[in-house]
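The values are calculated or read from the model by the stated rules, or taken from the named source; none is laboratory data. Worth saying up front: this structure is predicted, and the values here are computed from it rather than measured. Because the Cβ atoms are built from the backbone with ideal geometry, glycine has one as well, and the counts that use them run over all protein chains shown.
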Amino acid sequence: MRPHLRTLIWALAAAAFVAQAATAQQITLELRDYLTMPDPGKLDPKTQNNSGFSRLNFMREEPGPDRNRFFISSVGGPLYIADKKTKELTTYLDFNGKSGRKGLFHRLVFETGYASGFISFQFDPDYRRNGRFYTIHLEDPAVTESPAPDSASFPGLDTKGYTATAPIRTPGPSNREAVVVEWNDTNTANLTFEGTARELLRVQYNTQIHPMDDLIFNPTAKPGDPDWRVLYIAAGDGGSGEKKDATRNNPQRLDNLVGKILRIVPDLNEHKADSTISDNGRYRVPRDNPFVSKTGARPEIWAYGLRNPHRLSWDVDPKDPKKNYLIANVIGLLTWETVVIIRKGANYGYSEREGNEQLLAATNRTGPIPADDRIPLRIGDEPTGEMVKPTYPVIQFGHVEGGGDAIANGLVYRGKIAALRGKYIFADITTGRIWWSDLADMLAADDGDPKTMATIHPIELLWSADGSKAKEERYPTMAPIVSATYHARGGEAPILPGFTSNVAKNRADIRLGLDRHGELYILSKNDGMIREVVTATAR
């Protein structure tokens with residue numbers, strides 16, 4: 001395609017995107033500062049991660065109505081407990097034992113890459129009875145120290161019997177390993193961990209980007225159901241899908257676990273009749289996973305062809321729990337950021353597709369979908385001869401003015417604010433823009449037609465630095481709010497630190513969170529803040 005024609009097409013696409021957002025119903029969120037996270041201090045002045053005041057990544061409320069505690073993770077290592085009433089913070093665990101630090105894992109990688117270090121955690125559905133939760137962290141296999149946790153600073157952790165597993169191979173060179181650990185806390189009412197840990201699996205990664213990112217359980221599953229205590233894991237592609245060598249096919253290959261959604265049974269005593277013990281003997285694989293019977297394919301795979309599905313959420317229709325949907329937010333390469341509804345056995349196209357376009361290997365830019373819209377099924381590097389039609393996103397936004405660079409997570413709101421109820425709220429990490437879409441619109445877009453997309457609508461924000469309504473100002477994105485607090489806390493950089501682009505002039509670095517009542521929070525790394533949404537108005 002000629003360069004000037006390509007530029008014209010991009011300009012028209014950008015104009016259409018902005019027009020769609022600008023003419024839609026406007027929702028305004030009123031924000032209030034909820035919690036200030038501690039400043040971890042300077043990390044490494046030579047890296048992109050020497051930025052901001054916190055690297056908080058996930059906030060999840062502890063199960064059970066009597067606890068009223070948030071668990072909050074930092075990529076830099078700590079897992080905090082926050083008392084919802086007093087706002088007091090306690091360090092429950094710290095994963096960072098690198099280079100003499102007093103945390104658990106001496107091989108932890110946290111210095112480079114935005115998704116590194118202590119990445120994610122999730123509570124077991126039966127947590128109040130069994131005290132179990134699950135974590136993902138990233139390690140450097142070149143470090144010669146033991147992969148077992150060092151409990152010197154956390155004497156409640158019994159490390160006897162903890163052994164690492166053999167890494168599951170990923171084609172190509174490897175310089176990182178993503179590790180999933182099961183923790184068993186014998187006293188969940190305490191403020192520090194007491195109990196044991198067990199490594200479930202570790203997976204090789206080609207680079208420091210796009211590792212395993214998230215874990216989730218089906219909230220509708222009950223004891224005896226096929227999905228009860230079955231864990232879904234979002235596994236990024238490790239940057240392989242943008243390479244020009246053979247590793248580019250890794251997200252499409254069914255003989256590895258990167259660029260996939262995985263589905264496993266962590267407890268070896270659960271689902272014995274309808275699952276098989278894994279190769280490493282640490283978990284079970286459900287026999288109803290889609291590729292269990294395909295020779296050479298990894299049986300853990302539930303869906304594939306994803307670049308960086310860094311956040312998962314599950315929505316349940318309160319009127320009909322049988323209507324429930326697993327939704328993934330997928331960070332794109334050069335063109336599109338997407339939201340996909342995860343289906344059993346589906347191929348989401350990457351690295352042959354990005355958004356609703358073909359991804360061109362020569363440039364990593366996108367172009368029209370070919371007339372024969374099918375992708376070769378791959379077990380190894382060579383095509384098998386079988387062809388598969390890809391599954392397309394239900395939402396996408398471009399790397400254009402009014403769009404963004406890297407989609408944050410998204411959540412269907414089911415709380416008390418009427419203007420938001422039933423809406424899917426999602427954001428862009430770098431620009432700090434926030435949008436909403438009707439869930440019904442998203443489900444209608446899940447029709448197999450790549451041209452069908454849910455309409456997205458912009459969200460504005462009301463906020464004041466001192467929390468008073470009299471001083472509230474209106475903002476189009478989170479970036480100026482984060483910037484104001486970053487500088488108020490002593491931030492020295494003239495603009496917010498970290499990766500920026502032609503779209504993002506500041507790196508807001510935001511994520512979304514929910515409490516158990518379905519109320520919405522916004523987490524921002526660069527100013528180390530958690531803010532709650534107190535009201536919303538529509539006009």
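Surrounded by 21 or more Cβ atoms within 10 Å (Cβ to Cβ) and either among the small types (Gly, Ala, Ser) or without any contact (Cβ under 8 Å) to a residue 40 or more places away in the chain (or both): which single residue out of 281, 241, 224, 296 fits that description? Steps first, please.
Working: 281 fails: surrounded by 21 or more Cβ atoms within 10 Å (Cβ to Cβ); 224 fails: surrounded by 21 or more Cβ atoms within 10 Å (Cβ to Cβ); 296 fails: surrounded by 21 or more Cβ atoms within 10 Å (Cβ to Cβ).
From the options 281, 241, 224, 296, the qualifying one is 241.
Evaluate the following for residue 374: is it out of contact with any Gly (no Cβ under 6 Å at 6 or more places or on another chain) and closer than 16 Å to residue 307 by Cα? Considered against the rule, which asks whether it is out of contact with any Gly (no Cβ under 6 Å at 6 or more places or on another chain) and closer than 16 Å to residue 307 by Cα, residue 374 comes out as no. One residue stands out among those in region 74-106 that are at pLDDT 95 or above and aliphatic (A, V, I, L, M): the one that is nearest to residue 177 (Cα to Cα), which is 104.
Only a single item in (1) modelled with pLDDT under 90; (2) surrounded by 19 or more Cβ atoms within 10 Å (Cβ to Cβ) is not met by residue 61, and it is number (1).
Please return the ranges of strands (runs of 3 or more DSSP E) entirely within region 257-330 where 2 or more residues are within 30 Å of residue 429 (Cβ to Cβ) and modelled with pLDDT of 95 or more. Even if it seems obvious, please write down each step before you answer.
Details: elements: 260-264, 275-277, 284-286, 301-304, 309-317, 320-330.
Output list reads 260-264, 301-304, 309-317, 320-330.
Could we say that residue 314 is closer than 30 Å to residue 438 by Cα, surrounded by 18 or more Cβ atoms within 10 Å (Cβ to Cβ), under 26 Å from the mean Cα position of the chain (by Cα) and aromatic (Phe, Trp, Tyr) here? No, not satisfied. For region 93-141, the tally of residues that are free of Cβ contacts under 8 Å to residues at least 60 places away in the same chain and at positive phi stands at 2. If you go through region 72-101 and keep only what is surrounded by fewer than 19 Cβ atoms within 10 Å (Cβ to Cβ), in a strand (DSSP E or B) and not charged (D, E, K, R), you end up with 89, 90, 91. Based on what the data block shows, is residue 338 in contact (Cβ under 8 Å) with a residue 12 or more places away in the chain and of a type outside the set (Asp, Glu)? For residue 338, the condition - in contact (Cβ under 8 Å) with a residue 12 or more places away in the chain and of a type outside the set (Asp, Glu) - is met. Applying the selection to region 509-526, what residues are aliphatic (A, V, I, L, M) and buried (at least 24 other Cβ atoms within 10 Å of the Cβ)? Across region 509-526, the qualifying residues are 510, 522, 523. Here residue 414 meets the list (1) under 25 Å from residue 526 (Cα atoms); (2) over 19 Å from the mean Cα position of the chain (by Cα) almost entirely, failing just condition (1).
When the residues of region 458-481 are narrowed to those that are under 21 Å from the mean Cα position of the chain (by Cα) and aliphatic (A, V, I, L, M), which ends up surrounded by the most Cβ atoms within 10 Å (Cβ to Cβ)? Break it down stepwise before answering.
Going through region 458-481, the residues under 21 Å from the mean Cα position of the chain (by Cα) turn out to be 477-479.
Subset that is aliphatic (A, V, I, L, M): 478-479.
Values: 478: 30, 479: 25.
Filtering first and then ranking leaves 478.
Please list, ordered by residue number, the strands (runs of 3 or more DSSP E) wholly in region 410-482 having 2 or more residues that are farther than 23 Å from residue 331 by Cβ and free of Cβ contacts under 8 Å to residues at least 40 places away in the same chain. Spell out the reasoning first.
Details: elements: 423-428, 434-438, 457-463, 473-475.
Answer list for region 410-482: 473-475.
Restricted to region 355-394, and to residues that are assigned to a strand (DSSP E or B) and of a type in the set (A, V, I, L, M), which residue is farthest from residue 298 (Cα to Cα)? Ranking the qualifying residues of region 355-394, first place goes to 359. Residue 233 meets each of the listed conditions (1) touching a strand residue (DSSP E or B) at 6+ places or on another chain (Cβ under 6 Å); (2) farther than 24 Å from residue 379 by Cβ apart from (2).
If I filter region 163-182 down to residues being more than 21 Å from residue 94 (Cα to Cα) and among the β-branched types (Val, Ile, Thr), which single residue comes out as surrounded by the most Cβ atoms within 10 Å (Cβ to Cβ)?
The first filter runs over region 163-182 and keeps only residues more than 21 Å from residue 94 (Cα to Cα), leaving 165-175.
Now narrow it down to the ones that are among the β-branched types (Val, Ile, Thr): 165, 168, 170.
Values: 165: 21, 168: 19, 170: 26.
Only one residue fits best here, namely 170.
Residue 491 satisfies every condition listed in (1) among the small types (Gly, Ala, Ser); (2) assigned to a loop (DSSP other than H, G, I, E, B); (3) under 25 Å from the mean Cα position of the chain (by Cα); (4) over 25 Å from residue 539 (Cα atoms) except (3).
Is it true that residue 251 is under 18 Å from residue 212 (Cα atoms), in a loop (DSSP other than H, G, I, E, B) and in contact with a Leu (Cβ under 7 Å, 6 or more places away or on another chain)?
Values: under 18 Å from residue 212 (Cα atoms): yes; in a loop (DSSP other than H, G, I, E, B): yes; in contact with a Leu (Cβ under 7 Å, 6 or more places away or on another chain): yes.
Against the criterion (under 18 Å from residue 212 (Cα atoms), in a loop (DSSP other than H, G, I, E, B) and in contact with a Leu (Cβ under 7 Å, 6 or more places away or on another chain)), residue 251 qualifies.
Residue-wise test of (1) surrounded by fewer than 19 Cβ atoms within 10 Å (Cβ to Cβ); (2) of a type outside the set (A, V, I, L, M, F, W, C); (3) at pLDDT 95 or above; (4) within 20 Å of residue 196 (Cα to Cα).
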{"residue": "108", "(1), (2), (3), (4)": "no, no, yes, yes"}
{"residue": "111", "(1), (2), (3), (4)": "no, yes, no, no"}
{"residue": "124", "(1), (2), (3), (4)": "no, yes, yes, yes"}
{"residue": "127", "(1), (2), (3), (4)": "yes, yes, yes, yes"}
{"residue": "132", "(1), (2), (3), (4)": "no, yes, yes, yes"}
{"residue": "137", "(1), (2), (3), (4)": "no, yes, yes, yes"}
{"residue": "151", "(1), (2), (3), (4)": "yes, yes, yes, yes"}
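For residues that are closer than 21 Å to residue 310 by Cα and among the basic types (Lys, Arg), scanning just region 494-526, find the one that is farthest from the chain's Cα centre (by Cα). Filtering first and then ranking leaves 507.
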